[in-house]
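The values are calculated or read from the model by the stated rules, or taken from the named source; none is laboratory data. Values in this document were obtained by computation on a predicted structure and should not be read as measured data. When we count neighbours, we look across all protein chains shown, and the Cβ atoms used for this are built from the backbone with ideal geometry, even at glycine.
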Amino acid sequence: MGRAQQTTPVSAGGRAIHVALIHLGCARNLIDSENILGQLGAEGYALCGDVEQADVAILNTCSFIGPAREESEAAIRELLEAKAAGRLRGVIVAGCLPEKFRPEVEEKFPQLDAILGLSDYSNVARIVEEVLKGRKVREDSGGRAPQGQGEFLRLLQTPRSYAYLRPSHGCDHQCAFCIIPQIRGRQSSKPLAAVVQEVEQLVAQGVCEVVMVAEDSTGYGRDFPAGHPRLPELVDAMAQVPGLRWLRVMYAYPNQFPWELTKVMRVRDNVLPYLDIPTQHISTRVLKRMKRGGSKESVHRIIQRLRDEVPGIVLRTTVLVGHPGEGEAEFAELLSWLEDARFERLGAFAFSPEASAPAGADEDRCSHEEALERQGRVMELQSRIHAEFQSSLVGREMEVLVDGADGDWVEARCWADAPEVDGLVRIHDPAHNLSTGAMPKVLVTAAEGYDLVAEVVGPR
């Protein structure tokens, strides 16, 4: 993706201009950060990870829920303090926070030098130049809206073993608890050929696993005219890129599931039998309050059909507890279902009221303290289910992907583990034979907490 040019911007003293980027938020946000870095690198700016060494700092923010906004605002204050102390020449804030809450950001932080919403960030180098000249950039001029276009100038911030790729931007769902459509806009899918080209570029850089992320991955192509590609056709085309070892699908919305995808998962060996499918709840009453669509019966059918059509599939889900309408009976129903469904991977979140979300002002809910207690009970149950699944892998041989090393131990993942959200396969490697991107065959010897321990038994 991005490569720096020969010409490097320099200060009056002849020193290269250093820019530090601070990233907050999800994998989709990380792709935005990689786009920013790619644009800056292509224009010759020196990129650094330490704000203390930087002339200009760019903060890519998250604003999905209140705590994320608080984290973003705390980071802004810290950067502005560094600027006031003379350690920075400029502070730029970008991403989801100013996209949704720009007036509030401008009012709270008038000292900011530039404020950018969501875009392709093709103009970010020019904005840095303006900031270095002492000019305030107040218009939202980061570049074109990011909808429906390929992203070819990224500077990857993941290990070369894997990279994220988003086939689309935005979301057409109107979940009562969520403001993402207000931030990211409506669904806009990239052309199939552009996505395949992105995969080809990633593989050419040595990436082994492509992790597909979007607000709604299974919604890919629904904004196209009838007869145009949908997600199954896209995944099939991506899987045929020479050299792509693993392809993983995240953020699959459960309703209107494109069932041809299960056939692709069976036929294409490099499409992992793993699916992240956020169900959020099982109570029909709560699902209706969440505006999720579907019902207890339809969610049951979807999960069972996935297990029937893709033998050995690992399912990850997320659930939201404490949402308006969830009483003790509905929460007990959720616990009972999770006990039966046996999701191999699961995350639980406590409801956070968002003022601009439909459920934000709904007082028909438990206290935040009770929501946190319910979250803890879900994760306590899931820890037992997770431990049973991990124990079932002991004694099994499998291929793993190495992400990096921690001293004499290598950190790898198997098909059942998505990066950052799932566990690791730890391999003792005191001779340092395994490098990032290696895919050895291993024998799992133990399950320890969320991780597995293994030893190499096959080619590296």
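Only one of the numbered conditions (1) buried (at least 21 other Cβ atoms within 10 Å of the Cβ); (2) within 13 Å of Ile31 (Cβ to Cβ) is not met by Cys178, and that is (2).
Under the condition of being out of contact with any Pro (no Cβ under 6 Å at 6 or more places or on another chain) and over 27 Å from Val213 (Cα atoms), which residue from the range 407-427 is surrounded by the most Cβ atoms within 10 Å (Cβ to Cβ)? Once the filter is applied, the top-ranked residue is Ile427. So, of the residues in the range 37-63 that are in contact with a Cys (Cβ under 7 Å, 6 or more places away or on another chain) and more than 14 Å from Val128 (Cα to Cα), which turns out to be modelled with the lowest pLDDT? Only one residue tops the list, namely Ser63. Which one of these is in contact (Cβ under 8 Å) with a residue 40 or more places away in the chain and not assigned by TED's automatic domain parsing to the domain that holds Leu116: Arg222, Arg144? The unique qualifying residue is Arg222. Scanning the range 384-405 for residues that are part of a helix (DSSP H, G or I), in contact with a Gly (Cβ under 9 Å, 6 or more places away or on another chain) and loosely packed, with under 15 Cβ neighbours inside 10 Å yields a single hit, Ala387.
Just one residue in the set Leu320, Leu275, Leu287, Leu306 is touching a residue at least 12 places away in the same chain (Cβ under 8 Å) and in contact with a Phe, Trp or Tyr (Cβ under 6 Å, 6 or more places away or on another chain); that residue is Leu320.
Among the residues making up the range 123-150, a single one is surrounded by 15 or more Cβ atoms within 10 Å (Cβ to Cβ), part of a loop (DSSP other than H, G, I, E, B) and modelled with pLDDT of 85 or more: Asn123.
The set of residues from the range 366-387 being among the charged types (D, E, K, R) and without any contact (Cβ under 8 Å) to a residue 24 or more places away in the chain comprises Glu369, Glu373, Glu380, Arg384. Selection of the range 60-87 for residues being more than 17 Å from the chain's Cα centre (by Cα), of a type outside the set (Gly, Ala, Ser) and under 26 Å from Ile17 (Cα atoms) yields Glu73, Ile76, Arg77, Glu78, Leu79, Leu80, Glu81, Lys83, Arg87.
For the range 83-101, the criterion of being free of Cβ contacts under 8 Å to residues at least 12 places away in the same chain and surrounded by fewer than 21 Cβ atoms within 10 Å (Cβ to Cβ) is satisfied by at least one residue.
Can Val314 be described as buried (at least 17 other Cβ atoms within 10 Å of the Cβ), in contact with a Ser or Thr (Cβ under 7 Å, 6 or more places away or on another chain) and among the hydrophobic types (A, V, I, L, M, F, W, C)? Considered against the rule, which asks whether it is buried (at least 17 other Cβ atoms within 10 Å of the Cβ), in contact with a Ser or Thr (Cβ under 7 Å, 6 or more places away or on another chain) and among the hydrophobic types (A, V, I, L, M, F, W, C), Val314 comes out as no. Considered as a group, the residues in the range 153-203 that are over 20 Å from Asp120 (Cα atoms) and of a type in the set (A, V, I, L, M) include one that is modelled with the highest pLDDT, and that residue is Val203.
Applying the condition of being under 30 Å from Asp269 (Cβ atoms) and among the charged types (D, E, K, R) to the range 317-358 and asking which residue is surrounded by the fewest Cβ atoms within 10 Å (Cβ to Cβ) yields Arg342.
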